[in-house]
Amino acid sequence: MSPPCKSQAAFPPDPPWWYGISAPISEDQPGEDQLILTEQLVETLVTCDAFVDDSKVQRRENVVKKLESLFKEWLKEICKELNVPDLLTEKVGGKIFTIGSYYLGVDSKNDDIDALCVGPRFIERNHFFTSFFEKLKVQKEVEDIRTIQGTLVPVITMSYKEIKIDLLFASVYRNNIPGNMDLLSNTFLKTSSIQCIRSLNGYRVTREILRSVPNVQSFKLVLRAIRLWAKRRDIYSSMLGFLGGVSWAILVARICQLYPNATASTLVNKFFKVYSMWKWPVPIELKRPVDYNLNLPVWDSRVNPSNRCDVMPIITPTYPQQNTAFNVSASTLAVWREEIEWGLAVTEDIKKKKADWLELFQKPDFLKKYQYVLSCLKIHRYTHLYN
């Protein structure tokens with residue numbers, strides 16, 4: 001064998017690259033049977049009414065556009081009230097960023113639309129929750145509008161043309177807000193209040209999750225299936241000590257990283273298999289955490305003793321990193337594990353053609369499963385950013 005040439009010796013091969021914090025478990029390509037199972041999964045999700053039809057998708061898009069138009073109109077009005085120079089007023093812009101399940105493209109017909117309104121530095125939070133609230137209130141399409149401000153992430157909640165909307169607000173250190181602004185830049189965190197950072201992170205986390213998966217379409221299909229399963233099994237609720245939407249999205253994204261070429265049907269099975277063996281409280285992370293030294297509270301069990309008490313850490317992929325499953329207790333984790341084991345058994349049967357996908361999404365007999373039922377008042381989910 002001839003020795004390598006000088007150029008080969010001078011430039012060693014590139015190190016391996018992959019999505020996530022570790023190498024994939026398997027990069028196998030799918031077989032015909034897995035493709036068929038995925039087609040059957042999609043058909044079952046359609047049967048279970050897990051998708052939003054095209055007409056409702058368009059209707060929701062129109063509502064978001066209308067709200068953004070109202071927000072831009074209001075920004076110019078409030079600029080005039082604040083005696084902002086005309087040149088700045090004309091260029092003030094404004095932008096509404098959708099977040100959560102709607103942005104991820106996995107929302108169902110009864111889900112809320114969560115959105116973040118971003119304004120320039122001279123617009124204060126109280127302007128949004130008073131002046132803009134009043135502007136929305138007089139719109140004939142708006143019903144059941146109210147503000148919820150006594151929480152970590154204040155919100156305006158309402159129905160617009162019978163579509164439930166939750167609006168968050170953040171101001172950033174700019175004189176104008178262009179339509180193509182990139183909120184993933186950590187520059188905005190340096191000059192924002194902690195309240196605004198919490199609001200900004202709703203969008204930042206959602207967008208980074210999509211950037212962290214090798215196949216976005218497979219991720220969306222698997223997440224849609226897992227969301228339906230979790231809701232049917234009564235374990236989709238951060239307020240009740242289980243997991244909220246962002247936690248489920250991170251869990252699914254990590255499985256997609258570990259099996260980058262797998263079909264959705266295989267990923268659903270691997271979801272249950274991997275998490276049935278997971279050694280909590282080992283955290284789930286999509287990226288290696290980076291500290292940008294902005295003195296913001298960050299989840300780190302090595303540094304923060306209180307973080308060591310978290311039984312199920314599922315960490316956001318953007319700075320400042322937070323545990324999205326902070327509400328999970330030892331008892332709810334035990335219930336979660338039981339459901340994961342049940343899901344694994346069903347998906348194994350599906351692989352062996354002993355069951356179909358509809359069985360995975362069956363509802364449990366709640367009164368039989370739990371002898372004592374606690375009736376709870378519905379608590380608004382924005383009592384914490386990651387509910």
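For first residues located in the range 22-43 and hydroxyl-bearing (S, T, Y) and modelled with pLDDT of 95 or more, partners that are part of a loop (DSSP other than H, G, I, E, B) and surrounded by 14 or more Cβ atoms within 10 Å (Cβ to Cβ) and lie 6+ apart or on another chain with Cβ distances below 9 Å form the pairs S26/Y259; S26/P260; S26/N261; S26/A262; T38/P30; T38/T263.
Quick one: would you say V142 is within 30 Å of E43 (Cβ to Cβ), buried (at least 16 other Cβ atoms within 10 Å of the Cβ) and either touching a helix residue (DSSP H, G or I) at 6+ places or on another chain (Cβ under 8 Å) or not assigned by TED's automatic domain parsing to the domain that holds I99 (or both)? No: the conditions fail for V142.
Determine whether the range 304-313 contains at least one residue that is among the small types (G, A, S), out of contact with any strand residue (DSSP E or B) (no Cβ under 8 Å at 6 or more places or on another chain), in the same structural domain as K279 (by TED's automatic domain parsing) and over 30 Å from S185 (Cα atoms). No: zero hits. Considering the range 46-151, the qualifying strands (runs of 3 or more DSSP E), each wholly inside and each with 1 or more residues that are over 23 Å from V205 (Cβ atoms) and not polar (S, T, N, Q), run over 142-148.
In summary, R233 fulfils each of the numbered conditions (1) buried (at least 22 other Cβ atoms within 10 Å of the Cβ); (2) out of contact with any Asp or Glu (no Cβ under 6 Å at 6 or more places or on another chain); (3) closer than 18 Å to W357 by Cβ with the single exception of condition (2).
The lone criterion from (1) surrounded by fewer than 15 Cβ atoms within 10 Å (Cβ to Cβ); (2) under 19 Å from the mean Cα position of the chain (by Cα) left unmet by K137 is number (2). So, of the residues in the range 63-115 that are farther than 28 Å from A50 by Cβ and among the aliphatic types (A, V, I, L, M), which turns out to be surrounded by the most Cβ atoms within 10 Å (Cβ to Cβ)? That would be L75.
The values are calculated or read from the model by the stated rules, or taken from the named source; none is laboratory data. Given the structure is predicted, the values throughout are model-derived calculations rather than measurements. Heads up, the Cβs are rebuilt from the backbone with ideal geometry, glycines too, and the neighbour counts pull from every protein chain shown.
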